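The values are calculated or read from the model by the stated rules, or taken from the named source; none is laboratory data. Treat the numbers as computed from the prediction; the structure is a model and nothing was measured. Methodologically, a virtual Cβ is constructed for each residue, glycine included, from the backbone with ideal geometry; neighbour enumeration extends over all protein chains shown.
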Amino acid sequence: MDLYIDTANLDEIKQAADLGVLDGVTTNPSLIAKEKIDYGKRLGQICEVVKGPVSAEVIAIDFNGMMKEGRERAKIAENIVVKLPSTVEGLRACKALHDEGIPTNMTLCFQPLQALMVAKAGAFLVSPFIGRIDDIAEDGMDLIRKIRQIYDNYGYETKILAASIRHPKHMVECALAGADVATVPFSVIQQMMKHPLTDVGLEKFLADYKKAFGG
Ligand code: E4P
């Protein structure tokens, strides 16, 4: 399973990359807005740190605008993946960019047919938003399971990127449901190697050792 960090904050990206298990980065306009920095400039900085796929979202919502921005973003670095909304216009841009050899991440996916259509258009990634579905009292994980089943039924190569992950339990469930990738906020990455019994156990091992041998 690949692990991406969902942030535009360079410090967080560097800290996550230092762990040695970071495969990529996702950004979006809201995350960039928090950083108050030019989107293109920040993408260039991120691509210097992370060599895996870096998702760069377009701001345009019409086909021509998405194509223009998508081509521009793709020139920033060879690991840029153009992030497009899962709309009709986005679907058309996905197919056209795919035909030009530019990989796409189809974002804001909330139902299985969006995932089916973008796979047919050659998307590299599809991003079902688990947390936002849970927020409206539906089951986000069910969407991951349905997309997994559809992609496996027909052998689609589009990768399922579980997005809008809010806590470690989401992460465990995504791994069990067969998501190919999860994009996770830094706060969740920090929790992924934590367990109180690990800390207590380690403390006890060291105390026992010290008692027997001193030091
Ligand atoms: C994914 O690419 C999105 O940037 C992200 O996961 C959205 O998460 P949110 O619902 O917590 O904003």
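Laid out as a table, the results:
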| item | result |
| --- | --- |
| Filter pass, GLU12 being more than 20 Å from PHE124 (Cβ to Cβ), crowded, with 17+ Cβ neighbours inside 10 Å and within 14 Å of the ligand (Cβ to nearest atom) | yes |
| Single residue of the stretch 150-165 satisfying the filter (of a type in the set (A, V, I, L, M) and without any contact (Cβ under 8 Å) to a residue 60 or more places away in the chain) that is surrounded by the most Cβ atoms within 10 Å (Cβ to Cβ) | ALA162 |
| Every residue from the stretch 23-69 that is part of a helix (DSSP H, G or I) and within 16 Å of the ligand (Cβ to nearest atom) | PRO29, SER30, LEU31, ILE32, ALA33, LYS34, GLU35, TYR39, ARG42, LEU43, ILE46 |
| Pick from the stretch 110-149, criterion in contact (Cβ under 8 Å) with a residue 40 or more places away in the chain and part of a strand (DSSP E or B), ranking: nearest to GLY52 (Cα to Cα) | LEU125 |
| ASP199 vs. criteria among the acidic types (Asp, Glu) and touching a strand residue (DSSP E or B) at 6+ places or on another chain (Cβ under 8 Å) | no |
| Residue pairs meeting the criteria (Cβ under 9 Å; at least 6 apart or on separate chains; first more than 13 Å from PHE124 (Cα to Cα), in the stretch 71-86; second part of a helix (DSSP H, G or I) and of a type in the set (Asp, Glu)) | ALA77/GLU48 |
| ASP180 vs. criteria in contact with an Asp or Glu (Cβ under 9 Å, 6 or more places away or on another chain), within 15 Å of the ligand (Cβ to nearest atom) and acidic (Asp, Glu) | yes |
| Any chance VAL88 is at pLDDT 95 or above and surrounded by 15 or more Cβ atoms within 10 Å (Cβ to Cβ) | no |
| Residues of the stretch 176-190 that turn out to be more than 21 Å from SER30 (Cβ to Cβ) and surrounded by fewer than 13 Cβ atoms within 10 Å (Cβ to Cβ), as a count | 1 |
| Flag for LEU161 being outside any loop (DSSP other than H, G, I, E, B) and either touching a helix residue (DSSP H, G or I) at 6+ places or on another chain (Cβ under 7 Å) or within 13 Å of the ligand (Cβ to nearest atom) (or both) | yes |
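Per-residue answers, yes or no, for (1) touching a helix residue (DSSP H, G or I) at 6+ places or on another chain (Cβ under 9 Å); (2) surrounded by 15 or more Cβ atoms within 10 Å (Cβ to Cβ):
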{"site": "SER30", "(1), (2)": "no, no"}
{"site": "GLU57", "(1), (2)": "yes, yes"}
{"site": "ILE61", "(1), (2)": "yes, no"}
{"site": "GLY70", "(1), (2)": "yes, yes"}
{"site": "PHE129", "(1), (2)": "yes, yes"}
{"site": "ARG132", "(1), (2)": "yes, yes"}
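Each row is one residue, and each column tells you yes or no for (1) more than 14 Å from the ligand (Cβ to nearest atom); (2) farther than 29 Å from LYS194 by Cα.
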{"position": "ASP135", "(1), (2)": "no, no"}
{"position": "GLY140", "(1), (2)": "no, no"}
{"position": "LEU143", "(1), (2)": "no, no"}
{"position": "ILE150", "(1), (2)": "yes, yes"}
{"position": "ASN153", "(1), (2)": "yes, yes"}
{"position": "PRO168", "(1), (2)": "yes, no"}
